Amino acid sequence: MKRFTAEQLRTFATVVEEKTFEEAAPVLRVSASAISQRIKAMEEACGQILLRRSNPVEPTEPGRAVLRLAKQIELLTLESERELTGGDQARRLAIASNSDSLATWLLDALASIPRHERLYCEVHREDERHSSALLRSGGVMGALTVDPQPVQGCSVELLGSTRYFIAASPDFVNHFFPAFFKSPSLLTEDQLREAPVIQFERKDIMLDDMVQLLAESHGLRPQTQAPRVYIPSSTQYYRAVSLGMGWGAVPDLQAEGALASGELVRLVDRPIDIPIYWQRWTIDSPALQTLTEAIRATARQRLRQ
């Protein structure tokens, strides 16, 4: 097959980023029709459909490989220009992060990167069990994930663990588990069935672990039909638990003070430790290495080792 040109790769990446041909047109300073012709030429050159013409457009499986190639070439070209000219061109890296890391320690890592590096991050929020999919798609260059298996073309390292405690507000406990403060062993299955639980989002499979741990810690059967409250924000999830809207699993990085003061009550003594891995493209990029070192150093200070 014929090799893609730099213009074609940039066009492809821009279309995916902007979601439609029409939105990509002013960015590339060409017409939507010209963009369509470039994409069609790429598909004819490789003999495969690279882009689904949906709204928004989506790369196909072969298209994801092309997107990764386009992003890598763009970054490496910019890095080479900086090295050859001694310039200080700004560099942008797209990464994926789970909501709790973003709310508790990731911003500290990004803020620690020296300003003279002119390194700017586009952070995609994604559940830690699903963020590696963004690496596979070429949408991001690095990701915080619970998956220890490296995506093809990526390296992986363990950063540490985020510790969670199953907790609720005192007034919530008094209302739904009235005998809990006298004796946690008096918790019943009926009470668990009636007590609302806060879920981060519908694909938050950590909820199943929470429900099972809470029940089994008290010698009960898990109650999967309990009412659920959906709060898709780490900061607001924690606030919802604090306000007594339901019980949930809160990171100790957020809740340590409240648990110590009694503003929140542990419903289970045993914590849930979730390992966090950093996966990144295995390309020789000073920008990606600088970002990795900042994430690694901050994780060493904030996560459980």
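The values are calculated or read from the model by the stated rules, or taken from the named source; none is laboratory data. Values in this document were obtained by computation on a predicted structure and should not be read as measured data. All Cβ positions, even for glycine, are placed from backbone atoms using ideal geometry, and neighbour counts span all protein chains on display. Side chains are part of the model used for accessible areas, which takes the heavy atoms of the whole protein and leaves out ligands, DNA and RNA. Shrake-Rupley method; radii C 1.70, N 1.55, O 1.52, S 1.80 Å.
Side notes on the structure shown:
- For the range 1-15, the tally of residues that are in contact (Cβ under 8 Å) with a residue 60 or more places away in the chain and part of a helix (DSSP H, G or I) stands at 4.
- Test for A111: is it out of contact with any helix residue (DSSP H, G or I) (no Cβ under 7 Å at 6 or more places or on another chain), open to solvent by 40 Å² or more (accessible area, probe 1.4 Å), within 30 Å of Q199 (Cα to Cα) and among the aliphatic types (A, V, I, L, M): yes
- Only one of E157, E61, E81 that is of a type in the set (D, E) and in contact (Cβ under 8 Å) with a residue 24 or more places away in the chain: E157
- Taking first residues from the range 165-186 that are in contact (Cβ under 8 Å) with a residue 24 or more places away in the chain and outside any helix (DSSP H, G or I) and partners that are of a type in the set (F, W, Y) and open to solvent by 20 Å² or more (accessible area, probe 1.4 Å), the Cβ contacts under 9 Å between residues at least 6 apart in sequence or on separate chains come to A168/F176.
- Taking the conditions (1) farther than 24 Å from L253 by Cα; (2) out of contact with any His (no Cβ under 9 Å at 6 or more places or on another chain); (3) outside any helix (DSSP H, G or I); (4) not charged (D, E, K, R) in turn, L144 satisfies each one other than (1).
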